[in-house]
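For reference, the structure is listed below as structure tokens.
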Amino acid sequence: MDYNATTPADKEVLALINRITTECYGNPSSSHILGRMSRACLDDARRKVAVSLECDDDEICFTTGGSESDNLAIKGVADGRSCGHIVSTCIEHSAVKRTCDYLATRNFSVTCLPVDRMGCVDPKHVEEAIRDDTFLITMMWANNETGQIQPVEDVARIAREHGITFHTDAVQAFGKIPVSVRSVPVDLLSISGHKIYGPKGVGALYIRRGVELVTQVHGGGQEQGLRSGTENVAGCAALGEACRLCTNRLDEWAQKLGGLRDELERGILERIPETTVNGDPVRRVPNTSSISFHGVDSSQLVVRLDEVGFAVSGGSACKSTTEGPSTVLTMGMGLSADEAAGTIRFSLGHGSDASHVAQMHEVLPGIVEQLRGVRSEKLT
Ligand SMILES: Cc1ncc(COP(=O)(O)O)c(C=O)c1O
């Protein structure tokens, strides 16, 4: 139940990696047949990603994942100028947050917008934060810890009206809900392969035609000169196939996982007192549930669940474990440090089924009760 951290590669995706690594291993820049075969695989992969996002092939730049896509988008825009203002939010993944922090140490200033108790950014706040020198808005599509879907349509419209570039980190939205750059006119959009049943170490950045980015990796000029390096052809092909599969099966999976997630929550709330589900129950991706168990230390709960065969996460798994309670929950949604410290992220995926949910309902109440008991003993 930790599919927001990562997913296993789909079997069709694995078959493609295998085929390309053995049959299509040429360097796509070579002019001979092996190179041309590889180039064709890369073109095909780009096409599949573009079809999924509803854009043109040449608007897709392959990267090493969500973090690089975020860095390329934000630094790529900022490096084209000497100073200016960026609007971001307090619930961004560290790949966005730390990139903005880094820019704030140069000649840039960053406004970090709050979210409401439900974990959502208010588009009015975005509009109010805009200054004469604002050149970039970066706001995620869906949050990795709570699954809350942000008002990307409204923010895209506001950015357009003000002539400001809009980047969205869609790493946790893509593959779970419809994400199309034709319906929502963002300028830059990040995705990652390993969140959508593709491999780790590959991702993409959508770059709307006309948006200028400054090169972040210099070298042989691959990927339209934006990030050089011999292309990871098998990885890109795998990403393309994963995009195709998740787009084709979006409704089916959303329905299945939404039903399982709701059942998981219903049973937990019914069986365990002093437990709350965080965020807006409607505006969230279908597989994710953030639940606070009052009086429980989530790190201990993660260990205890691991011992009985369940993988869950105490917040976001994609950052260092040395950090304190989630800032998404405390700074963002106003939970106390204690509530945030007792919060578990359950994120379901293709391997989840009703028997896992039933098993969780069986083991969790006893573990929570025991941990609460240990804690109150310590306090007395
Ligand atoms: C919202 C979000 N953005 C970016 C990333 C980073 O993606 P990657 O692991 O592909 O670098 C993650 C991964 O956890 C994420 O959840």
*Which condition does Ser190 not pass, out of (1) touching a residue at least 12 places away in the same chain (Cβ under 8 Å); (2) away from the ligand (no atom under 16 Å from the Cβ), if it passes all the others?*
(2)
*Output the number of the condition that Thr134 fails; it satisfies all remaining conditions of (1) free of Cβ contacts under 8 Å to residues at least 40 places away in the same chain; (2) open to solvent by less than 30 Å² (accessible area, probe 1.4 Å).*
(1)
*Please enumerate the residues belonging to segment 296-308 that are open to solvent by 20 Å² or more (accessible area, probe 1.4 Å) and either at pLDDT below 95 or outside any loop (DSSP other than H, G, I, E, B) (or both).*
Asp297, Ser299, Gln300, Val302, Val303, Arg304, Asp306, Glu307
*Cross-chain or 6+ apart pairs with Cβ under 6 Å, segment 143-156 first and in the same structural domain as Glu92 (by TED's automatic domain parsing) and on the phi > 0 side of the Ramachandran plot, then assigned to a loop (DSSP other than H, G, I, E, B) and of a type in the set (A, V, I, L, M, F, W, C)*: Gly147/Val285
*Looking only at residues in segment 113-131 that are among the hydrophobic types (A, V, I, L, M, F, W, C) and more than 16 Å from the ligand (Cβ to nearest atom), which one is surrounded by the most Cβ atoms within 10 Å (Cβ to Cβ)?*
Val126
*Residue under evaluation Gly279, criteria (1) touching a residue at least 60 places away in the same chain (Cβ under 8 Å); (2) in a helix (DSSP H, G or I); (3) outside the structural domain of Ile149 (by TED's automatic domain parsing), criterion not met*: (2)
*Could you count how many residues in segment 344-368 are out of contact with any strand residue (DSSP E or B) (no Cβ under 8 Å at 6 or more places or on another chain), charged (D, E, K, R) and touching a residue at least 40 places away in the same chain (Cβ under 8 Å)?*
1
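Please go through segment 28-46 and give me each residue that is assigned to a loop (DSSP other than H, G, I, E, B) and surrounded by 15 or more Cβ atoms within 10 Å (Cβ to Cβ), ordered by number. Explain how you work it out, then say what you get.
Filtering segment 28-46 down to residues assigned to a loop (DSSP other than H, G, I, E, B) leaves 28-32.
Within segment 28-46, just Pro28 meets the criteria.
The values are calculated or read from the model by the stated rules, or taken from the named source; none is laboratory data. Model, not experiment: these values are computed from the prediction. Backbone-built Cβ (ideal geometry, glycine too); neighbour counts: all protein chains shown. Areas reflect the complete protein model, heavy atoms only, side chains present, ligands, DNA and RNA absent. Shrake-Rupley method; radii C 1.70, N 1.55, O 1.52, S 1.80 Å.
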